[in-house]
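To keep things clear, I will list the structure first and then write my remarks on it.
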Amino acid sequence: MARWFALLPVPLVAAAALGRPQPAPVPYPEGYREWTHVKSMVILDGHPLADPFAGIHHVYANARALEGLRTGSYPDGAVLVFDLLEAAGGEAVYTEGSRKLVGVMHRDAGQYAATGGWGFEGFAGDSRTQRLTTDGGASCYACHQGQAVKGYVFSAWRK
Ligand code: HEC
């Protein structure tokens, strides 16, 4: 038994003893408002996604994520942003209110292997540092898993 254990490569022993290393925190998507706008959607109270996604959201893609939307395969470095704003008004018109959160999917197949190769994070309001996930993005991934055949992405590119 001791001899068999000694034959295991050192990193494997270390990984077994310490568990998987923690993935790096998902970076704040600096400059995403100047990326490509993919689509927008309004979610009102009563919709299954209203808690916590009620409001007006816009989806943005950086150049690599745009490549993924077009080909179906997302290279490392692809970033998608879900920019959620309050839906203000409501009397026959809704306008953008204050920002509720910035949802991020950051592609790094190795780093975020446990969540489909995507790092999931939410940033509260206009904050670049106040993070919203407490489970390493597992609950985000649980819902996005339904889109596994599309690289875990719901949004599609349109003309
Ligand atoms: C209950 C289901 C559900 C959960 C949980 C969820 N999402 Fe999503 N997410 C969606 C849906 C549906 C869309 C597509 C919205 C649209 O079509 O405009 C989406 C879109 C996105 C997008 C734009 C790319 C895409 O897939 O269309 C990002 C980025 C995103 N979500 C991040 C997150 C993050 C980060 C979390 C966790 C904090 C999260 N999501 C949790 C359902 C979910």
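The values are calculated or read from the model by the stated rules, or taken from the named source; none is laboratory data. What you see is a predicted model, and the numbers here were worked out from it, not measured in a lab. Neighbour counts are summed over all protein chains in view; Cβ atoms, including those assigned to glycine, are modelled from backbone coordinates with ideal geometry. These accessible areas exclude ligands, DNA and RNA; they are computed on the full protein's heavy atoms, side chains included. Shrake-Rupley method; radii C 1.70, N 1.55, O 1.52, S 1.80 Å.
Taking every residue in the range 112-134 that is more than 13 Å from residue 23 (Cα to Cα) and at pLDDT below 95 and pairing it with any residue that is among the small types (Gly, Ala, Ser) and open to solvent by less than 20 Å² (accessible area, probe 1.4 Å), at least 6 positions away or on another chain, yields no pair with a Cβ-Cβ distance below 8 Å. For the structure I just gave you, tell me whether residue 153 is surrounded by 15 or more Cβ atoms within 10 Å (Cβ to Cβ), within 18 Å of residue 30 (Cβ to Cβ), touching a residue at least 60 places away in the same chain (Cβ under 8 Å) and near the ligand (Cβ under 9 Å from one of its atoms). No; evaluated as a whole, the condition is false for this residue.
Within the range 25-33, is even one residue modelled with pLDDT of 95 or more, aliphatic (A, V, I, L, M) and away from the ligand (no atom under 12 Å from the Cβ)?
Residues of the range 25-33 modelled with pLDDT of 95 or more: 25-33.
Remaining after also requiring aliphatic (A, V, I, L, M): 26.
From the residues that got through so far, the ones that are away from the ligand (no atom under 12 Å from the Cβ) too are none.
Checked the range 25-33: no residue is modelled with pLDDT of 95 or more, aliphatic (A, V, I, L, M) and away from the ligand (no atom under 12 Å from the Cβ).
Rundown of residues vs (1) within 10 Å of the ligand (Cβ to nearest atom); (2) within 20 Å of residue 59 (Cα to Cα); (3) surrounded by 12 or more Cβ atoms within 10 Å (Cβ to Cβ), yes/no style:
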{"position": "114", "(1), (2), (3)": "no, no, yes"}
{"position": "120", "(1), (2), (3)": "yes, yes, yes"}
{"position": "124", "(1), (2), (3)": "no, yes, yes"}
{"position": "140", "(1), (2), (3)": "yes, yes, yes"}
{"position": "143", "(1), (2), (3)": "yes, yes, yes"}
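Out of 42, 59, which single residue is in contact (Cβ under 8 Å) with a residue 40 or more places away in the chain, within 10 Å of the ligand (Cβ to nearest atom), in contact with a Phe, Trp or Tyr (Cβ under 7 Å, 6 or more places away or on another chain) and open to solvent by 60 Å² or more (accessible area, probe 1.4 Å)?
On the way: 59 fails: open to solvent by 60 Å² or more (accessible area, probe 1.4 Å).
When all the criteria are applied, what remains is 42.
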